[in-house]
Amino acid sequence: MTQQYGIIGWPLGHTMSPTLHNWGFGKLGINGVYDAFPLEPTDVSAFMERVRTEPISGMSVTIPHKRAVMDSLDHITDRAKAVGAVNTLYWDGDTLCGENTDVVGLIAPLKKLDTLPNSAMVLGAGGAARAAITGFKELGIDDISVSNRTAEKTQTLANEFSVKAVAWEDRMDAAPELICNTTPLGMAGDMETMTPWDKDRFPAECIAYDIIYNPLQTRFLREAEEAGCVVLSGLEMFLHQGLAQFKLWTGQDMNEDGARQLLLNALKS
Ligand code: NAP
C-alpha cells in the first residue's frame, strides 16, 4: 500500500517539501507519496484525528500549527520540548510522536565549519528563533543573545531560554561572531530589498547566516559577503531538516548532494 505523507500549514504557499520527499521516494524505490494539505487553524484537531485513523505515515508541520499539534501527540521528543514546537509527526509503532528537525537543519551548516563561533545573535523571536537558540545551545555556544522588533517578545524569549535580550535599535552595537537572521526581512516578495543589518556595521570576520532560502542570496548575505563575512544560506537548513524527516519516516538516507541540486534547480526554475 502507498504510504501517505505530507505537510500541513496555513496559508500553505509554495513549498519545496513535496519536491524533496517525492524525489527521495522515487530514488530509493519507496512506495510513498507526499502532498500539500492546506489546513486552517480551526481544523487542526480534526486533522490530527485523521492522522490516527487514516493510513498517514508522517507529516511535516509548518506555520502556524507547530505548537497546536503538540496537544494531540502521544510523545514529544526532548528536543521538540526544548524548542516548544513540533515540525514533524512520525510513528514509533502505535505511538504518534512529534520531533523538531528545524534544529538539526539549522545547525547542520555550522557543524561543517572549521571553528564554531563563541557568540551568536538571533534576530527575530518567532518559531525559527526558538529553534536557532536551541541549536546554538546544543552546539555549546555560550554567549547567545536575541533581538526582536517587538521588545516584549525579545524579553519573553530571553527569559525562557536564559539568553541575553538586546533592544532592536541597539542590535548593531554588539559584535557577535555569528548573526542569524530569522526574520522575513529579505524574503522574496515585498520584503526582498530589506535587510535586518546595515552593510557597514558587520563585525570583522563574523558569520552571517540567513535562514531565508528564497532568494538564495538575500541582501543581508550579499552585503555581509562584501564586508568579508562568511555567509550561510537557509537552503542548507531546509535541506537538512527535510533529510532528517525522511530518515525518521523511512529509516533511509536521501542522497544529500542529489537533494541539494534538486532544490537548487527548483529555486532557479
Ligand atoms: P514567525 O514565528 O512568524 O516569526 C517571525 C519573526 O520575524 C518575529 O519575531 C517577527 O517580529 C519578526 N518580523 C516579522 N516582520 C518583521 C519586520 N518587518 N521587521 C523586523 N522583524 C520582523 O516566523 P518563523 O517560523 O520564525 O519563520 C521566520 C522566517 O524563517 C521565515 O522567513 C521563514 O520562511 C524562515 N524559515 C526558514 C526555514 C528553512 O528551512 N530555511 C525553516 C523555518 C522558517 P515581531 O515579534 O515583532 O512580529
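The values are calculated or read from the model by the stated rules, or taken from the named source; none is laboratory data. If you're wondering where the values come from, they're calculated on a predicted model, not measured in any experiment. FYI the Cβ positions are ideal-geometry reconstructions off the backbone, even for glycines, and counts take in every protein chain you see. For the accessible areas, the whole protein counts, side chains as well, though only heavy atoms, and no ligand, DNA or RNA atoms are used. Shrake-Rupley method; radii C 1.70, N 1.55, O 1.52, S 1.80 Å.
Looking across the stretch 154-190, the residues that are more than 17 Å from Gly126 (Cα to Cα) and open to solvent by 40 Å² or more (accessible area, probe 1.4 Å) come down to Glu169, Asp170, Asp173, Ala175, Glu177, Ala188, Gly189, Asp190.
Examine the stretch 154-162 for a residue that is without any contact (Cβ under 8 Å) to a residue 12 or more places away in the chain, outside any helix (DSSP H, G or I) and not charged (D, E, K, R), and state whether such a residue exists. Yes, the stretch 154-162 contains at least one residue that is without any contact (Cβ under 8 Å) to a residue 12 or more places away in the chain, outside any helix (DSSP H, G or I) and not charged (D, E, K, R). Within the stretch 245-269, restricting attention to residues that are small (Gly, Ala, Ser) and surrounded by fewer than 21 Cβ atoms within 10 Å (Cβ to Cβ), the residue that is farthest from Ile30 (Cα to Cα) is Ser269. Quick check on the stretch 99-151: of everything there that is part of a strand (DSSP E or B) and of a type in the set (S, T, N, Q), which residue is nearest to the ligand (Cβ to nearest atom)? My answer is Ser147.
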